[in-house]
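*Asks:* Pasting a structure here, questions to come.
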Amino acid sequence: MAMAMRLKLSSAVAGCRVGELLLGGRSLELPACLLYTRGGTAPNLTHDNLELVEPPPLAAQVPLASLVEQQEVLEEYGEGFAKFIGLPDMLLVCTQYDPATPTPQGFTTSKTVSVWGSGGRVELTPSRYVELQRAVRPACYQAPAADDEGPTASSKRERRGVDRTLAFLDACLLAHHTHPELSGVGVLGTVQGGALMSERVRSARCTATRAVAGFLVSGLFQRQGGEGGPGAATRSRILRAVIAELPPDKPRMVCGVGRPDQVLRCAALGVDLFESHFPFLVTERGGALHFSYEWETGAALGDAAGEEGDDAGGSVIPEVTQEEEEDEEEEDVRIPTRFEMNLREERFRGDLSPLLPGCPCYTCAHHSRAYLHHLLATRELLAGVLLSIHNVTRYHGFFAALRGALRRGPAALARLRGAVLAAAPPPPLSSSPGAPPSLSPVPPATSHG
Ligand SMILES: [Zn+2]
């Protein structure tokens, strides 16, 4: 198992780790983003539609909940889940939780974790959990972890959760080595501890002493139960302290991080692997991602495209200081973010422009905001398909742009951040005709102190 995953780091740019992760005989350039799937399919996207996503995702996240009832079928099949679903080349990363679906909490016992399949709760001992992984045969998987205790949990409960997660990890690693089929498969140790710095650091430190292939920091940005995690400044401090405890030669993944500003923040703190439940949530609420990451051309896509001729060199970029980033806005995962536009809004009824002018995706090339508004209003399934193509393409394109900027160095990264952080919802069409679009950079948040 020692060689299940190998990290080849080439450099670091403003804290971001640059390099590649070798797993399953293939290479993922960092920072990497996993395709979000349920039961092996990206929601709303057939394999054919998936081919419209550019760049094509090489690796996918598979939440265990969507597999727990498939164990017998998969065991009989015997060739692993990737081949079973017709994506034999896709690298699968199996996680215990589904970041887009709140799961009931508080069902962990000293012997079992609970996974919620379509038929309800399934209790798994660590050895059963590993047997399930043997049937799935992912490239790597998250070791079983205790339920997150939430931001208000007592230190006693957090300590118990961390202790249980470490005990599950030890039992998982023992069971893992009894299955030769899992010899090339990596185990990700889960870093727990809620909003308690001391428990987070202990969890990271103890997990780092185990023979894991990498680390998954869980429950920090979005609770498994669906509520928000600790505040922005707290979680940045915690993530920095956690990562300081982890060996640099193993990959770090976060689960539940979606917003592009948070992705940039985590990457700068040394996170290598992300997942993409965020574009799925945006699609679910009838939204289209419209933020820019076009750092190379300096031309922001969207309604302001072409209006910024003088800035074509990308010279006007809001400066982002450490303090301002700590001030990153709080979020409620149910409310649209400033990185998307809500196509259900009445103002898009007659808007014949593409979702994001300049976006080369299939949806933007062929359809208008008005058409998507109509599809959403009439509850057509096609709305989800077309929005997914745009949102998934755009989100994975963001990671490709991030990797491209990191290859070029700090100045390119600063330009990318400037473009991303300038995101603001597009102005209503009806507002003051003739006036320039108000897609101006968001004024920097004032820092306290
Ligand atoms: Zn598009």
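The values are calculated or read from the model by the stated rules, or taken from the named source; none is laboratory data. Please read all numbers here as calculations on a predicted model, not as lab measurements. Here Cβ is always computed from backbone atoms with ideal geometry, including for glycine, and neighbour counts include all displayed protein chains.
*Asks:* Find all pairs meeting these conditions: Cβ atoms under 9 angstrom apart; at least six residues apart or on different chains; first residue within region 385-411 and in contact (Cβ under 8 Å) with a residue 60 or more places away in the chain; second residue basic (Lys, Arg).
*Replies:* Going by the 9 Å Cβ cut-off, the qualifying pairs are Ala405/Arg415; Ala405/Arg417; Leu406/Arg17.
*Asks:* Going through Gly86, Gly40 one at a time, which residue ends up being in contact with a Phe, Trp or Tyr (Cβ under 8 Å, 6 or more places away or on another chain) and at positive phi?
*Replies:* Details: Gly86 fails: in contact with a Phe, Trp or Tyr (Cβ under 8 Å, 6 or more places away or on another chain).
Answer to the check: Gly40.
*Asks:* When region 346-389 is examined, which residues are found to be basic (Lys, Arg) and within 15 Å of the ligand (Cβ to nearest atom)? Talk me through it step by step, then tell me what you get.
*Replies:* First, pick out the residues of region 346-389 that are basic (Lys, Arg): 347, 349, 369, 379.
Within region 346-389, just Arg369 meets the criteria.
*Asks:* Picking from Phe291, Phe339, which residue would you name as being under 21 Å from Gly384 (Cβ atoms), surrounded by 18 or more Cβ atoms within 10 Å (Cβ to Cβ), more than 13 Å from the ligand (Cβ to nearest atom) and modelled with pLDDT of 90 or more?
*Replies:* Phe339
*Asks:* Next question. Which pairs have Cβ atoms under 7 Å, sit 6 or more apart or on different chains, and link a residue in region 346-357 that is of a type outside the set (A, V, I, L, M) to one that is within 15 Å of the ligand (Cβ to nearest atom) and part of a loop (DSSP other than H, G, I, E, B)?
*Replies:* Asp351/Ser368; Ser353/Ser368; Pro354/Ser368; Pro357/Leu301; Pro357/Gly302; Pro357/Asp303; Pro357/Ala305
*Asks:* Out of Gly270, Gly226, Gly298, Gly219, which single residue is in a loop (DSSP other than H, G, I, E, B) and at pLDDT 95 or above?
*Replies:* Values: Gly226 fails: at pLDDT 95 or above; Gly298 fails: at pLDDT 95 or above; Gly219 fails: at pLDDT 95 or above.
Of Gly270, Gly226, Gly298, Gly219, the one residue that is in a loop (DSSP other than H, G, I, E, B) and at pLDDT 95 or above is Gly270.
*Asks:* Would you pick out the residues in region 113-122 that are surrounded by fewer than 18 Cβ atoms within 10 Å (Cβ to Cβ) and either of a type in the set (D, E, K, R) or under 12 Å from Phe168 (Cβ atoms) (or both)?
*Replies:* Taking region 113-122 first, the residues surrounded by fewer than 18 Cβ atoms within 10 Å (Cβ to Cβ) are 117-121.
Once the filter is applied, which keeps residues that are surrounded by fewer than 18 Cβ atoms within 10 Å (Cβ to Cβ) and either of a type in the set (D, E, K, R) or under 12 Å from Phe168 (Cβ atoms) (or both), region 113-122 yields only Arg121.
*Asks:* Which residue out of Ala435, Ala422, Ala412 is within 24 Å of Ser276 (Cβ to Cβ), more than 14 Å from the ligand (Cβ to nearest atom), modelled with pLDDT under 95 and surrounded by fewer than 21 Cβ atoms within 10 Å (Cβ to Cβ)?
*Replies:* On the way: Ala435 fails: within 24 Å of Ser276 (Cβ to Cβ); Ala412 fails: modelled with pLDDT under 95.
Within the list Ala435, Ala422, Ala412, the selection yields Ala422.
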